[in-house]
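What follows is one structure encoded as structure tokens, with my remarks underneath.
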Amino acid sequence: MNSYYQSLNVDGRFYLREKLGYGSFGEIHIAEDKITKKRVAVKVEVCLSPTHRLITEKEVYECLNSSNDESMVPKAIWFGTLRSYKALVMELMGPSLETLFRLCDRTLSFNTIAYLGIQMLSCLEFLHCHSYLHRDVKPSNFVMGVGINCNNVYLIDFDVAKKYRDERGNHIAYEEQKDFVGNAKFASLRTFLQQGLSRADDLESLAYILFYFLMKDLPWQEGDRNNRQKMIDLRLRLTDIYPSVPSEFKRFLSVCRTMHFDEEPNYVKLECLIWNRETVLHKPVFEWSNLSSEKMKLIESGKFEADFSDY
């Protein structure tokens, strides 16, 4: 992939501008919508790609965007083929939680973490209610909205999403997951045990995000992916490694790990484990609202990440 894309326009309507990032199967660009004059995000994939990830993502967006419920994902605007590439045009959202966490020097208040945690949980519940697993839950796949929705969290990046219900609404049968799926840093314990993944695993990944935000990091890294035993051992000892983590967050993790493969999560109970503290404010002042002018310009430019993780 290269800057060749920048000479293209999509459907005669979307004019590709600067590149936001790249991934293993394509690039993402900011583009200008000729009709609305608004900026949009365009994700591009080679048509010959054996993964067909963009088609998967387009199908998930179609399902979620058709919901009558309040959407917790960006709106997909257009999908099609241009020359030898597939393109998915989406609303351009705000920065990811990973970006904001780093710009805030990895320091967020408990109030902010809890407020974000509730919204991330709602995003996953919204996805699960539409019969999909995300399978790549991480801070860079949650983004803030823009304009009047700037305090709302949205879920993105559905290229490895999978349906867990069949056409009749029945839960799929259990199968071992031999191939690694997702991000090693936030993947569930069952991922490294090569067990079948379910809604519980998306939620366990959310638990790791809560630990990550609160403790500024996790005791393992993405680079440890191939050391399965290390990843398993550290996950099993996580609450001992971080004894100061609130008991509610520890309980959240425990509930996720003990769920059965086809068990319906109790989202209300999980929400209470995040939110049930007297110190939590309903509308916290986000730390990034006090960032320096230089950092604010970085956010406003739309250039947040150097990969596809934000979309």
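None of the figures in this text is laboratory data; all of them are computed from the coordinates on show. Since the model is a prediction, treat every value here as computed from it, not as a measurement. Positions of Cβ are generated from backbone atoms using ideal geometry, with glycine treated the same way; all protein chains shown enter the neighbour counts.
Straight-line reach from Lys295: which aspartates and glutamates have Cα under 20 Å away, leaving out those fewer than 8 places along the same chain?
Hits, sequence-local ones excluded: Glu18, Glu98, Asp105, Glu287, Glu305, Asp307, Asp310.
Note down the magnitude of the dipole of the chain about its Cα centre, charges +1 on Lys and Arg C-beta and -1 on Asp and Glu C-beta and zero elsewhere, to the nearest 20 debye. Can you show the working numbers first?
Numbers: 40 positive and 43 negative charges, 93 e Å.
With only Lys, Arg, Asp and Glu charged at Cβ, the dipole is about 440 debye.
Determine the relative contact order of the chain: mean sequence separation of Cα pairs under 8 Å and six or more apart, normalised by residue count, in whole percent. Please report the intermediate quantities before stating the final value.
Working: 510 pairs, mean separation 60.1, N = 311.
19 percent.
Take Glu18, Glu204 and order them by how many other Cβ atoms sit within 10 Å, fewest up front. The partial results should precede the final answer.
On the way: Glu18 12, Glu204 26.
In increasing order of surrounding Cβ atoms, one gets Glu18, Glu204.
Can you tell me which aspartates and glutamates have their Cα less than 13 Å from the Cα of Lys86? Leave out same-chain residues fewer than eight positions away.
Answer for Lys86, where 13 Å is the Cα cut-off: Asp11, Glu27, Glu45, Glu57, listed by chain and number.
I need the P(r) histogram for the range 137-191: all alpha carbon pairs, bin width 10 Å from 0 out to the longest distance, whole percents.
Taking all Cα pairs of the range 137-191, the binned fractions are 18, 36, 31, 14, 1 percent.
What ranking do Tyr267, Tyr154 get, fewest neighbouring Cβ atoms within 10 angstrom at the top?
Listed from fewest to most nearby Cβ atoms, that is Tyr267, Tyr154.
At 7 Å along Cα-to-Cβ for each site, give me the label-to-label distance between Asp262 and Lys178 in nm.
So the two model labels end up 2.4 nm from each other.
Using the Kirkwood radius built from alpha carbon pairs, what does the Stokes-Einstein equation give as D for the range 133-258 at 20 °C and 1.002 mPa s, in µm² per second? Don't jump to the answer; show the numbers that get you there.
On the way: Rh = 15.6 Å.
After rounding, the answer is 137 µm²/s.
Considering only Pro284, Asn227, Leu203, whose Cα is most displaced toward the positive end of the charge dipole of the range 97-294, charges sitting on Cβ of Lys, Arg (+1) and Asp, Glu (-1)?
Asn227
Where the convex hull is taken over the Cα atoms of the chain, what is its projected area averaged over directions, in nm²?
The orientation-averaged projected area of the Cα hull of the chain comes to 16.5 nm².
For Gln229 and Thr81, what does the FRET efficiency come to when R0 = 45 Å and r is the distance between their Cβ atoms, rounded to the nearest 0.05?
Numbers: r = 44 Å, r/R0 = 0.98.
It comes out at approximately 0.55.
Which of the pairs Lys38/Lys216; Lys43/Lys230; Lys162/Lys250; Lys37/Lys185; Lys75/Lys230 have their Cα atoms more than 30 Å apart in this structure?
Working: Lys38/Lys216 35 Å; Lys43/Lys230 35 Å; Lys162/Lys250 28 Å; Lys37/Lys185 38 Å; Lys75/Lys230 39 Å.
Too far apart for the 30 Å limit: Lys38/Lys216; Lys43/Lys230; Lys37/Lys185; Lys75/Lys230.
For the range 30-97, what is the relative contact order in percent, using Cα pairs closer than 8 Å and at least 6 residues apart in sequence?
Values: 90 pairs, mean separation 24.4, N = 68.
Over the range 30-97, the number comes to 36 percent.
Where is the GNM fluctuation largest for the chain (alpha-carbon springs, 10 angstrom cutoff): Arg17, Arg257, Arg83?
Arg83
Contour minus end-to-end for Glu18 and Asp69, with contour as 0.36 nm per residue of separation and end-to-end as the Cα-Cα distance? Write down the numbers at each step before the final one.
Values: separation 51, 0.36 × 51 = 18.36 nm, distance 3.34 nm.
Separation in residues times 0.36 nm, less the Cα-Cα distance, equals 15.0 nm.
What is the extension gain from Glu167 to Ser292, computed as 0.36 nm multiplied by their sequence separation minus the C-alpha to C-alpha distance, in nm to one decimal? Intermediate values should be presented prior to the final figure.
On the way: separation 125, 0.36 × 125 = 45.00 nm, distance 5.07 nm.
Result for the pair: 39.9 nm of gain on full extension.
Loop-only check: which trypsin sites (Lys or Arg not before Pro) in the range 143-210 are DSSP coil with at most 13 other Cβ within 10 angstrom?
Arg168, Lys178
Name the residue, out of Glu98, Glu57, Glu294, whose mean-square fluctuation peaks in a Gaussian network model built on the chain with Cα pairs under 10 Å.
Checking each option, the largest mean-square fluctuation is seen for Glu294.
Counting other beta carbons within 10 Å of each Cβ, put Phe211, Phe261 in order, fewest first.
Details: Phe211 24, Phe261 18.
Ranked by crowding around the Cβ, least crowded first: Phe261, Phe211.
Considering the chain as a Gaussian network with a 10 Å cut-off on Cα pairs, which listed residue, Ile241, Ile77, Ile55, attains the greatest mean-square fluctuation?
It is Ile241.
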